[in-house]
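This report concerns only the one structure given below.
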Amino acid sequence: MLRAALPAREKRSLLSRYSATMGELALRRHTELAMMAAKAESDLANRAKSALLGTMSHELRTPLNAIIGFSDLIRTLKPSEDAAVKSADYAGYIGEAGRHLLEVVSDILDMSKIESGAFTLERQTCSVARLIEETLPLVAGRIADKHQALEVRIQSRIPKVLVDGRRIKQILINLISNATKFTPEQGRIMLVARGNKDGGATICVVDSGVGMSLEDIAVALSPFGQVQSHLSRSHEGTGLGLPIALGLARQHGGDLYIESEPGEGTTVVLTLPAPNGPPVSRAGGGERRRPRRAAHSSRKTAP
């Protein structure tokens with residue numbers, strides 16, 4: 001009996017040691033993977049911080065240097081008729097730099113509030129058509145400077161939505177400004193608004209610009225992300241336009257999607273839920289691929 005029992009105990013002991021060894025190896029491998037993931041996350045955070053500091057350094061220093069420089073010039077001017085003209089010009093430059101600085105700081109504060117969940121909306125029943133009509137004059141100058149064609153199609157009898165009108169106009173300004181920025185001179189931009197069957201609304205901004213890959217879309221939707229292209233390198237910006245638009249859309253219970261391919265233009269789709277309906281699903285928001293092209297220049301009302 002003793003001789004028969006020994007092999008069984010030895011087998012159990014061997015199995016126990018094998019299990020313990022495998023457990024140690026699995027734990028060690030799990031620890032190594034966790035450390036590698038933590039290092040990768042730390043590296044990404046460091047790169048994001050470096051990119052943020054680099055972007056903010058440029059975006060803050062440029063207008064501040066302009067404000068300080070032109071202020072010093074005004075202070076050193078001797079009283080004369082020519083000095084008065086120069087002072088007015090310099091004051092204009094100071095005002096322009098100050099407004100740009102205010103936009104940068106406002107974008108940073110808005111993004112911070114959205115990410116922290118402290119953002120509040122002042123909702124009221126608004127006409128989508130009226131919001132678009134009030135937004136267009138604010139972006140008309142940028143479009144005219146690049147001799148671009150803008151076509152607007154608004155569905156008749158589009159339903160009203162319960163939104164913060166100022167924030168919806170902020171989204172539209174960001175989307176149209178981005179379309180203008182990444183579309184070459186004499187390019188085409190289209191804005192289409194229509195009602196949904198559930199009582200909500202959809203607004204699309206389509207351009208004939210450089211387009212983006214899926215990787216570029218992910219960068220563009222990340223805070224302070226800068227999509228590099230031959231057009232974007234010559235433009236300033238914090239990279240917060242699309243992230244803020246996405247955050248505000250979701251704050252309203254809607255969503256924002258991007259459909260694009262390199263060289264094929266970009267379509268950004270903003271969805272707003274019905275005033276009394278359930279919020280639009282946010283699953284899969286942010287990225288799509290099938291682009292739409294802008295059409296001819298005119299002002300129309302969609303059927």
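Structural remarks
- Applying 1/(1 + (r/R0)^6) with r as the Cβ-Cβ distance of HIS147 and LEU60 and R0 = 45 angstrom yields a FRET efficiency of 0.90.
- Taking 0.36 nm per residue of separation and subtracting the Cα-Cα distance, full extension of the segment from MET35 to THR76 would add 8.8 nm.
- Cβ crowding within 10 Å averaged over residues, with 94-105, 153-164, 243-254 ranked highest first: 243-254, 153-164, 94-105
- Using a cut-off of 30 Å between Cα atoms, the listed pairs LYS113/LYS181; LYS86/LYS113; LYS146/LYS169; LYS39/LYS113 include LYS86/LYS113 as exceeding that distance.
- Estimated FRET transfer efficiency when R0 is 51 angstrom, pair LYS113-SER13 (beta carbons, to 0.05): 0.25
Every read-out reported here was derived from the displayed coordinates using simple, explicitly stated rules and does not represent laboratory data. Since this is a predicted model, take the numbers as computed values, not measurements. Glycine also receives a Cβ, built like all others from the backbone with ideal geometry; neighbour counts cover every protein chain displayed.
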